[in-house]
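Written out below as structure tokens is the structure these notes cover.
The values are calculated or read from the model by the stated rules, or taken from the named source; none is laboratory data. As the structure is a computational prediction, the values presented were derived from the model and not from experiment. Counting neighbours? That spans all protein chains shown, and the Cβs are built from the backbone with ideal geometry, glycine included. Note: accessible area is taken over every heavy atom of the protein model, side chains too, but ligands, DNA and RNA are not part of it. Shrake-Rupley method; radii C 1.70, N 1.55, O 1.52, S 1.80 Å.
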Amino acid sequence: MALEVKNLTFSYARNPSRKRRDFSPVFAVNDFSAVFERGKITAVMGPNGCGKTTLSKLLVGILKPLRGGVFLDGENLSGRRLAEIGKQIGLVAQQPDRQLFCTSVSDEMEFGLKCLELDSAEIEARKARYLEYFDLERYAETFPFELSTGEKQRLVIAAVIAMKPAYLILDEPTSALDRGRKAALGALLRGLASDEHTGVVLFSHDESFTARYADGVIKMEEGQTG
Amino acid sequence: MTGGASNHVKSGGLRSIDPRPKLMLMVSASTACMLTGNIPHIAGILCVLILTLVVGGADMLVVLGRIRALLLLIAALFVIQTIFAGMDGLLLAAVLSLRLLVVVLAAAILLEGEIRDYLLALVQMKLPYELAFAVIVGLHFLPILRDEAVNIYCYMQLRGKDFKKLGIAKKLRAYSGLCLPILAGALRRAYETSIAMDLRGFRAMPGRTSMRRLSMRGTDVILTIFYPVIFIALGFIFVR
Ligand SMILES: Nc1ncnc2c1ncn2[C@@H]1O[C@H](COP(=O)(O)OP(=O)(O)OP(=O)(O)O)[C@@H](O)[C@H]1O
Ligand SMILES: [Mg+2]
């Protein structure tokens, strides 16, 4: 059981929204292969612009690979709808405020849980548990846009983790967290990996965090093979 | 090329023409097609626009790619109108769709040029810099909105919202749920941009000068007069 990428290649040049056509293809991700196992925390590290965010979007199907593919427990993800993928692979993207879309923190937590069609007791239980864990209960009725960056980041993490996906992809989840909150997140991720058998993929350049919590590290070079 | 320092990627054709004839084209084409309700007249204006793009050497595939979504929207509007208004509505629907097409194509011609040049042109036409800037920023706001929409749409689906599986009523509700975050996000980005610009000294120099001055050549002057004249002339030919 693993999330596997094989010979993944992607270039933004083919993106039709690019205005200038005089853009020789630069591969943001070039012939990248890796295996992310369930029950393990795998860190992917690399310098700015090496393609971490691009890879995270490829992993959940927001971007479509030019070549190669993403395989979820052996099955190619291409052609599957985002809504199906999202129930199995959770993504916490790099910019917290671009993933919040509800009018209150409480609604934000419930959104995914309702889409999973859980009963209301379970929804309430999970919501309460993760709002408390991430120290957000007092903001339950707040408009998410009014939170601080770190609070937004915690909210996104809480909302995605509450859905209990089999795989969890986190793009720089610690970028806005203070030391105590980082440790709390690290402990939670370790718990998810061992107790719930979640496969965690951690994109980061926070070396102390990955050294402390990850089981393995994959290095990414600029547009290079992993 | 217009202006010594311009660094156009592709030169020649439409791209090397001064921005002012293009602005004039946009204004006169849209005014003409709003004033007339005559289908051959509007079709004639459309032909002039298409000819301008082709003769001007625009890459038609790129142009089509840019306006594809809008073309679909216009087609959809046309269909919906004819369904609800029957044969009487057909004519009205056709006029409306053709007018929209004119505006879209005129905008496509505007896009064959550097945004900066339009800013410069507006300023040289004595429009205050802030106002000219606001016009250009407005143009930039549309892609931001689209960006924001695609983005939110993706993340909603990843949290399990399956838009394809919803019935019509629920689908409409779900789509309307997209509006608020999209607008809020776009407004916030626009607001933050304006603060950042103020902090970096925008408006600090009232009499801002520009290194480059646009100068109209013979063709540019002729074109600026040509477009309004031809659109009016088409009116005299078709409207009787
Ligand atoms: N929307 C886009 N259009 C075109 N090019 C892009 C786009 N997004 C990223 N790129 C380019 O692709 C490359 C990889 O970007 P990516 O965001 O994946 O890097 P990253 O490893 O996440 O960097 P960081 O550590 O700064 O988050 C960069 O060179 C970047 O300039
Ligand atoms: Mg990144």
Drop in accessible area of at least 30 Å² in the complex versus isolated chain, residues of segment A:102-123, 1.4 Å probe: A:PHE111, A:CYS115
Point-to-point label distance, A:GLU124-A:ARG67, nm (Cα→Cβ direction, 7 Å offset): 5.5
Inter-label distance for B:VAL229 and A:ARG80, nm, one decimal - labels placed 7 Å from Cα along Cα-to-Cβ: 6.5
Mean shadow area of chain A over all directions, Cα convex hull, nm²: 12.5
DSSP H segments from chain B that extend 20 Å or more along their own axis, Cα-based, with Kyte-Doolittle mean of -1.0 or above: B:19-35, B:39-55, B:60-111, B:129-158, B:168-199, B:218-238
Paramagnetic reach from A:SER148 (point 7 Å along Cα→Cβ, amide N under 18 Å) across segment A:174-208: A:174-185
Kirkwood Rh in Å, taken over all unlike Cα pairs in segment B:13-238: 20.5
For A:LEU91, distant residues with modelled amide H under 5 Å away: A:ILE169
Out-of-range pairs (alpha-carbon distance over 27 Å; input A:LYS64/A:LYS164; A:LYS6/A:LYS114; A:LYS52/A:LYS182): A:LYS6/A:LYS114
Accessible area buried between chains A and B, both sides summed, probe 1.4 Å, in Å² to nearest 100: 2600
Selected from B:LEU14, B:VAL239, B:SER97, residue furthest toward positive end of dipole (chain B; charges at beta carbon): B:SER97
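Give me the Å³ per residue figure for the convex hull around the C-alpha atoms of segment B:140-204. Don't skip to the end; give the middle numbers.
Numbers: hull volume 5.4 nm³, N = 65.
Taking only Cα atoms, segment B:140-204 has a hull volume of 83 Å³ per residue.
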Accessible area (Å², per residue) of segment B:13-238, counting only protein heavy atoms and a probe of 1.4 Å: 57
Using a Förster distance of 51 Å, the FRET efficiency for A:ALA140-B:VAL221 (Cβ separation, nearest 0.05): 0.20
The protein assembly as shown - Kirkwood radius from inverse mean 1/r over Cα pairs (Å): 25.7
Top of A:GLY112, A:GLY180, A:GLY51 by mean-square fluctuation, Gaussian network on chain A, Cα under 10 Å: A:GLY180
Residue-averaged 222 nm ellipticity for chain A, from DSSP H runs of 4+ at -39500 (n - 2.57), nearest 500: -10000 deg cm²/dmol
Per-pair calculated FRET efficiency, R0 = 22 Å: B:VAL95 and B:LEU70 via Cβ, rounded to 0.05: 0.80
Point-charge dipole on Cβ atoms (K/R +1, D/E -1) for segment B:13-238, about Cα centre, debye to 20: 640
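Assuming R0 = 25 Å, can you tell me the calculated FRET efficiency for the pair A:SER208 and A:GLN88, based on Cβ-Cβ distance, to the nearest 0.05?
Numbers: r = 30 Å, r/R0 = 1.21.
Efficiency for this residue pair is about 0.25.
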Length-normalised contact order of chain B in % [C-alpha pairs under 8 Å, at least 6 apart]: 36
Order of exposure, largest accessible area first, which applies to B:ILE232, B:ILE144 with probe 1.4 Å: B:ILE232, B:ILE144
Added length on full extension, which subtracts the Cα-Cα distance from 0.36 nm per residue, B:ASP88 to B:LYS171: 26.8 nm
